[in-house]
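Everything below concerns the one structure shown next.
The values are calculated or read from the model by the stated rules, or taken from the named source; none is laboratory data. Note that the structure is a prediction, hence the values are computed from the model and not measured. Here the Cβ is made from the backbone with ideal geometry for all residues, glycine too, and neighbour counts use every protein chain on show. Only protein heavy atoms, including side chains, enter the accessible area calculation; ligands, DNA and RNA are left aside. Shrake-Rupley method; radii C 1.70, N 1.55, O 1.52, S 1.80 Å.
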Amino acid sequence: MTHVVLTHAVEDVERWLSFKDERATSIGAMGATNVVDHVAADGTRNVAISMDVADMAAIQTGLASPAPELTETMQRHGVLQPVIALIEK
């Protein structure tokens with residue numbers, strides 16, 4: 001299991017947080033578990049999502065070529081590109 005952190009900015013942090021359950025479901029569909037949202041302590045619009053991933057290829061594919069449903073979900077949540085994936089080493 002690999003521990004992954006995705007970072008990106010959002011249009012509005014409160015709006016992004018309101019979709020917490022939907023986000024966990026969408027990310028879980030790519031094989032992630034223990035999905036946790038994080039917000040910047042300094043009040044900026046930077047956020048992170050940490051998760052455990054068994055199949056890194058699925059997450060990498062999902063980020064590189066997101067399915068239309070994932071793209072629509074990200075837009076609804078106010079995600080701003082780029083999304084950066086960090087892995088535990």
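Here are some notes:
- Matching residues in region 79-89 - criterion: being assigned to a strand (DSSP E or B) and open to solvent by 90 Å² or more (accessible area, probe 1.4 Å): Gln81
- Close pairs (6 angstrom Cβ cut-off, 6 or more residues apart or separate chains): within 28 Å of Lys89 (Cα to Cα) and modelled with pLDDT of 95 or more in region 1-24, outside any helix (DSSP H, G or I) and among the basic types (Lys, Arg) anywhere: Ala9/Arg45; Val10/Arg45
- Residues that are open to solvent by 60 Å² or more (accessible area, probe 1.4 Å), of a type in the set (Ser, Thr, Tyr) and either closer than 21 Å to Pro68 by Cα or in contact with a helix residue (DSSP H, G or I) (Cβ under 7 Å, 6 or more places away or on another chain) (or both) within region 19-55 comprise just one, Thr25.
- Any chance Arg76 is modelled with pLDDT of 95 or more, surrounded by fewer than 18 Cβ atoms within 10 Å (Cβ to Cβ) and in contact with a Gly (Cβ under 8 Å, 6 or more places away or on another chain): no
- Considering region 2-17, the residues that are of a type outside the set (A, V, I, L, M, F, W, C) and surrounded by 13 or more Cβ atoms within 10 Å (Cβ to Cβ) include one that is farthest from Leu80 (Cα to Cα), namely Thr2.
- Matching residues in region 56-72 - criterion: being within 12 Å of the chain's Cα centre (by Cα) and either closer than 19 Å to Met1 by Cα or open to solvent by less than 40 Å² (accessible area, probe 1.4 Å) (or both): Ile59, Gln60, Gly62, Leu63, Leu70
- Thr73 vs. criteria closer than 19 Å to Ala24 by Cβ and among the hydroxyl-bearing types (Ser, Thr, Tyr): yes
- Odd one out for Thr33, checked against (1) within 23 Å of Val13 (Cβ to Cβ); (2) over 10 Å from the mean Cα position of the chain (by Cα); (3) modelled with pLDDT of 95 or more; (4) not hydrophobic (A, V, I, L, M, F, W, C): (1)
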